Amino acid sequence: MDVAVQVQRNPVADEVSALVAVVRPILAGLLFGLKADVADEVGGKESVKLKMMPRMVRPGDGDLGICFEYAVHNAMLTGDGDVLERVDTALSRLCGVSGAQLGSILFAVEKSGSQSLINTNADLITTQSVLMSGVRGQPVKLGRHIGGISRAFRSREARERLPTSIAGVWKADLFLGKTDSDRWVGTSVRSNRLMLEGAHGLRIGIVPASETGTDAPYKDEGKNLAVCPLPYEGAFMETFYKGWELVQIFLAADAQLPAPNALPRAPARQVARMLAERREAPVVELIDTLAAVAQPELLYTEDERANVVLQRGDQMVMDIVIAPEARKT
């Protein structure tokens, strides 16, 4: 995975751009959540057109969670200030991770367990990359164990071979860290804060902020996690749920522009119109195309980019970009 260090230079230009930015990872999450045998009927996930999604997606309890993971990861890559600020606080103050350049590695496994979605890159996970477990002793090297962590999701035997200090890190959704210090921590992302659980090797838990609680990161001693709540009103969680609602209504309308009363707000209708005009496009191409529309001129970025690699065993099946191309202003 190519990861860029991105700095937010301008406020979000408009709600349409913000919605597009969050709709992209939501579409990616729904696409990758398709069962492999279903997608193979049309040539694989890279061939699934947007107009086919209403017929292929079967709503499940895990869909929202998968899309939330992708959205949080993409927010890290695209420099969302609401997310970066809280993650940086959790890493630096609560987990003792030094450095200035934030990084995010997506580590997720398809619901069927038959395929894995792993972001890997030799420039990001190096021989010196350290996975900080939060327990005393010599930290483990992430590069040495990343293969075993992936296998542990599906195999109890593989779990038993992991070092005790990171025995539960296979439950991670992301690895967050600082690229300049090459220090990383296992991170659990939960759309339902009540489902957040601790495990050996997990250091951070990302959840929606409670309406009655603080949105500042805090240490949960019982779970041994630095909990990082993401804010609602006028911030990341509000935009995410607006995007989730938009996509669900759009798919319920058979990937056509929904009736005005279904999406009465002008920004949401504009994004739905953009999707409807591209319903013949493969979803992977659509995600890439919409990158140019998502929060334009928001970031200053170096010349790297971020992508998601779909693997079947040791064979790479798909490699698509889910982060916007860099713009320097």
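The values are calculated or read from the model by the stated rules, or taken from the named source; none is laboratory data. All values reported here derive from a predicted model rather than from experimental measurement. Positions of Cβ are generated from backbone atoms using ideal geometry, with glycine treated the same way; all protein chains shown enter the neighbour counts.
Taken over segment 18-54, the criterion of being outside any helix (DSSP H, G or I), closer than 17 Å to residue 255 by Cα and of a type in the set (A, V, I, L, M, F, W, C) is satisfied by 34, 48.
Of everything in segment 223-250, what is more than 30 Å from residue 134 (Cα to Cα), in contact (Cβ under 8 Å) with a residue 60 or more places away in the chain and buried (at least 20 other Cβ atoms within 10 Å of the Cβ)? Give them in sequence order. Hits for segment 223-250 are 239, 240, 243, 244, 246, 247.
Identify, please: which residue in segment 164-194 is aliphatic (A, V, I, L, M) and free of Cβ contacts under 8 Å to residues at least 40 places away in the same chain and is, among those, surrounded by the fewest Cβ atoms within 10 Å (Cβ to Cβ)? Step by step, filter segment 164-194, then rank; the result is 194. Would you confirm whether or not segment 195-205 contains a residue that is under 15 Å from the mean Cα position of the chain (by Cα), under 22 Å from residue 89 (Cβ atoms) and at pLDDT 95 or above? Yes, segment 195-205 has at least one match. Within segment 179-194, the set of residues being modelled with pLDDT of 90 or more and within 17 Å of the chain's Cα centre (by Cα) comprises 184, 185, 186, 187, 188, 189, 190, 191, 192.
Matching residues to (1) at pLDDT below 90; (2) of a type in the set (Asp, Glu); (3) on the phi < 0 side of the Ramachandran plot:
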position	(1), (2), (3)
21	no, no, yes
42	no, no, yes
63	yes, yes, yes
66	yes, no, yes
79	yes, no, no
101	no, no, yes
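Residue-wise test of (1) more than 18 Å from residue 208 (Cβ to Cβ); (2) assigned to a loop (DSSP other than H, G, I, E, B); (3) in contact with a Ser or Thr (Cβ under 7 Å, 6 or more places away or on another chain).
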{"site": "234", "(1), (2), (3)": "no, yes, no"}
{"site": "237", "(1), (2), (3)": "no, no, no"}
{"site": "243", "(1), (2), (3)": "no, no, no"}
{"site": "257", "(1), (2), (3)": "yes, yes, no"}
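Under the condition of being among the hydroxyl-bearing types (Ser, Thr, Tyr) and touching a helix residue (DSSP H, G or I) at 6+ places or on another chain (Cβ under 8 Å), the residues counted in segment 139-167 number 1.
Residues that are part of a loop (DSSP other than H, G, I, E, B) and either touching a strand residue (DSSP E or B) at 6+ places or on another chain (Cβ under 9 Å) or closer than 23 Å to residue 58 by Cβ (or both) within segment 204-232 comprise 209, 210, 213, 214, 215, 216, 217, 223, 224, 231, 232, listed in sequence order. Within segment 55-71, the set of residues being in a helix (DSSP H, G or I) and over 19 Å from the mean Cα position of the chain (by Cα) comprises 55, 56.
May I ask you to verify whether residue 198 is part of a helix (DSSP H, G or I) and touching a Lys or Arg at 6+ places or on another chain (Cβ under 8 Å)? Against the criterion (part of a helix (DSSP H, G or I) and touching a Lys or Arg at 6+ places or on another chain (Cβ under 8 Å)), residue 198 does not qualify. Taken over segment 116-141, residues that are out of contact with any Asp or Glu (no Cβ under 9 Å at 6 or more places or on another chain) and either outside any loop (DSSP other than H, G, I, E, B) or at pLDDT below 75 (or both) amount to 9.
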